[in-house]
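**Student:** I have a structure I would like to understand better, so I am pasting it below and will then ask my questions one at a time.
The values are calculated or read from the model by the stated rules, or taken from the named source; none is laboratory data. Computed from a prediction, not measured in an experiment: that's the story for all the values here. When we count neighbours, we look across all protein chains shown, and the Cβ atoms used for this are built from the backbone with ideal geometry, even at glycine. Keep in mind that these areas ignore ligands, DNA and RNA; they rest on the heavy atoms of the full protein, side chains included. Shrake-Rupley method; radii C 1.70, N 1.55, O 1.52, S 1.80 Å.
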There are 2 protein chains.
Amino acid sequence: MKKEIIVYSISDSLGGTSQKLLSAVTAQYPDIIFNNSYRFPFINQEEELLDILYDALKDNALVISTLVNSQLASVAREFSQKNGLAYLDLMHPFFEIIEEKTGTRPIEVPGTLHRLDSDYFKKISAIEFAVKYDDGKAPQGFLEADLVLLGVSRTSKTPLSIYLANKGYKVANLPLIPEVPLPQVLDKVDSHRLIGLICEPEKLMKVRSHRLDSLGLTQETSYTDLEKIYQELDYSKKVFKQFGAQVINMTDKSIEETAFLIEEQVKKMN
Amino acid sequence: MKKEIIVYSISDSLGGTSQKLLSAVTAQYPDIIFNNSYRFPFINQEEELLDILYDALKDNALVISTLVNSQLASVAREFSQKNGLAYLDLMHPFFEIIEEKTGTRPIEVPGTLHRLDSDYFKKISAIEFAVKYDDGKAPQGFLEADLVLLGVSRTSKTPLSIYLANKGYKVANLPLIPEVPLPQVLDKVDSHRLIGLICEPEKLMKVRSHRLDSLGLTQETSYTDLEKIYQELDYSKKVFKQFGAQVINMTDKSIEETAFLIEEQVKKMN
């Protein structure tokens, strides 16, 4: 039987911050089940906080706090020390170091992220751009794009575009299909903005099969034929060479890692 | 003059985890400039780690580590204690608590997130779904969707769809335009799956003006006319009532907060 840890996440805002860290932590324990369904956002009263902590104690839970309010955070810390509750405060260790370095105290206003500022507008409009110019739908968008991703089917063009858009880049993408002529506008795009995605044929076959499965289709098509995939990839490499695209091999890379490499390329060209 | 803190981020993977936490922390200090351009991903050698720590010391930096490797992490911790370097390890406090609770040690494999598992496929396909069924492009997709977002222009339908897709939901969206007839398929969608987005007219006017600015257009259009916006919103509320959509007011809410409320709705209906 697998061991289980119940995790309580307490926040005076949404609590999204602790979730990202928690995924990184839990990934280090393939043999432990983390029950992460106890999430308590928007906590701002001492009584509700104490109720949650008593429950956590009963559940023998691990408590993670991203409370920014110092009063609430110290109530939680004292409760945990007194009762032997496993408690991690993600914010205040930072606050203490920053106060030591600068003498400045945090404003303690929950969830001050993602307000209507220019970064926010830039991100939203980049996401809309990525959606509008996905899948070669409107190749004239290539001229406005920071990046144009090229690749055969299932080389993760769409999720990569969205991920990069989330970081503020305007990204368009074009599927490469040997039977379909390339849009003429491609000639006019600065080659530094072109990213060619490749992938090991065997992995591509696996990903495509999974795709067909999920669509409820049978596997006997040229889409998952290894020889056909080799031909498609050869064709795509010729296109990359012709247009001077930077090539990235995304076999065994996550979207995040591939995006990281693309960002490094972008930085080099600036 | 504003105070500045230089932040060094050290990771044996991409280092994305610390960045999320860091944004939450820095949001608490509007009067401090955080220089966050010193990012060191894929660190796996003691010598390169020590080089970075010596530089951090010279820069009087705050060092954040998401190193999972215990050997490297203890080198960094000892160096920092000895030299008075401000150092925060985000991972090992978790590891210690979990070992105490379960006796289990972390596998210490960097970046074990986002591999080819079924969650990963689900997320990718949800993003593709959102892109495909954005902006009412193919209303037949509504029948397959977990959620259909409805709202007038600039109520954040697209970024919300993408954000929810990122969490694995299949989301379609439809812009409501008084002059354009509604697609008939809307009658067949379970009303619990329909989410109506509204927003204060004044905010909508501001957001739309910003949109026109960013497109380099002048402001004298009915798109930003307050009276016209009132009419549009009234029309949208009638549509929500007619189809029994759950209504969410996204004025003063970030995408994340609105998505959170939508998820709560989804949980209630399951």
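**Student:** Among (1) over 21 Å from the mean Cα position of the chain (by Cα); (2) within 26 Å of B:Ile33 (Cα to Cα); (3) not assigned by the TED database to the domain that holds A:Ile52, which single condition is A:Thr104 missing?
**Tutor:** Among (1) over 21 Å from the mean Cα position of the chain (by Cα); (2) within 26 Å of B:Ile33 (Cα to Cα); (3) not assigned by the TED database to the domain that holds A:Ile52, A:Thr104 violates only (3).
**Student:** For region A:65-97, what are the residues that are touching a strand residue (DSSP E or B) at 6+ places or on another chain (Cβ under 7 Å) and over 19 Å from A:Val7 (Cα atoms)?
**Tutor:** Pass one, region A:65-97, residues touching a strand residue (DSSP E or B) at 6+ places or on another chain (Cβ under 7 Å): A:65, A:67, A:73, A:76-77, A:80, A:85-90, A:93-94, A:97.
Answer for region A:65-97, where residues must be touching a strand residue (DSSP E or B) at 6+ places or on another chain (Cβ under 7 Å) and over 19 Å from A:Val7 (Cα atoms): A:Pro93, A:Phe94, A:Ile97.
**Student:** Out of the residues in region A:26-55 meeting the condition of being of a type in the set (Ser, Thr, Tyr) and not in a helix (DSSP H, G or I), tell me which one is surrounded by the most Cβ atoms within 10 Å (Cβ to Cβ).
**Tutor:** If we filter region A:26-55 for residues that are of a type in the set (Ser, Thr, Tyr), which is where we start, we get A:26, A:29, A:37-38, A:54.
Right, trim to not in a helix (DSSP H, G or I) and you get A:29, A:37-38.
Values: A:Tyr29: 21, A:Ser37: 9, A:Tyr38: 16.
Out of the qualifying residues, it is A:Tyr29.
**Student:** Quick one: in region A:163-190, of everything that is more than 17 Å from A:Leu261 (Cβ to Cβ) and in contact with a Phe, Trp or Tyr (Cβ under 7 Å, 6 or more places away or on another chain), which residue is surrounded by the most Cβ atoms within 10 Å (Cβ to Cβ)?
**Tutor:** Here the answer is A:Ala172.
**Student:** Moving on to the next point. Can you name the residue in region B:9-64 that is among the aromatic types (Phe, Trp, Tyr) and in contact with a strand residue (DSSP E or B) (Cβ under 9 Å, 6 or more places away or on another chain) and is also nearest to the other protein chains (Cβ to nearest Cβ) among such residues? If you could, list the steps in order and put the result at the bottom.
**Tutor:** Here is the first cut: in region B:9-64, the ones among the aromatic types (Phe, Trp, Tyr) are B:29, B:34, B:38, B:40, B:42, B:54.
When the remaining residues are screened for being in contact with a strand residue (DSSP E or B) (Cβ under 9 Å, 6 or more places away or on another chain), the result is B:29, B:34, B:38, B:40.
Details: B:Tyr29: 6, B:Phe34: 9, B:Tyr38: 14, B:Phe40: 13 Å.
If we take residues in region B:9-64 being among the aromatic types (Phe, Trp, Tyr) and in contact with a strand residue (DSSP E or B) (Cβ under 9 Å, 6 or more places away or on another chain), then B:Tyr29 is nearest to the other protein chains (Cβ to nearest Cβ).
**Student:** Which numbered condition in (1) in the same structural domain as B:Pro175 (by the TED database); (2) surrounded by 15 or more Cβ atoms within 10 Å (Cβ to Cβ) is the only one that B:Asp89 fails?
**Tutor:** Result: B:Asp89 fails condition (1) only.
**Student:** Let me ask you something else. Scan region B:9-23 and give yes if some residue there is modelled with pLDDT of 90 or more, assigned to a strand (DSSP E or B) and more than 18 Å from the chain's Cα centre (by Cα), otherwise no.
**Tutor:** Yes, region B:9-23 contains at least one residue that is modelled with pLDDT of 90 or more, assigned to a strand (DSSP E or B) and more than 18 Å from the chain's Cα centre (by Cα).
**Student:** Taking helices (runs of 4 or more DSSP H) that do not extend beyond region B:60-146, which have at least 3 residues that are free of Cβ contacts under 8 Å to residues at least 60 places away in the same chain, farther than 30 Å from B:Leu186 by Cβ and of a type in the set (S, T, N, Q)?
**Tutor:** Details: elements: B:70-83, B:92-102, B:118-132.
It comes to B:70-83.
**Student:** Counting only residues that are without any contact (Cβ under 8 Å) to a residue 24 or more places away in the chain, give me the helices (runs of 4 or more DSSP H) lying completely in region A:152-270 with at least 1 of them.
**Tutor:** Where helices (runs of 4 or more DSSP H) fall fully within region A:152-270 and carry at least 1 residues being without any contact (Cβ under 8 Å) to a residue 24 or more places away in the chain, they are A:201-214, A:226-243, A:255-269.
**Student:** Residue check, B:Ile5 against (1) out of contact with any Pro (no Cβ under 8 Å at 6 or more places or on another chain); (2) open to solvent by 30 Å² or more (accessible area, probe 1.4 Å), all met but one. Which one?
**Tutor:** Checking B:Ile5 against (1) out of contact with any Pro (no Cβ under 8 Å at 6 or more places or on another chain); (2) open to solvent by 30 Å² or more (accessible area, probe 1.4 Å), the one that fails is (2).
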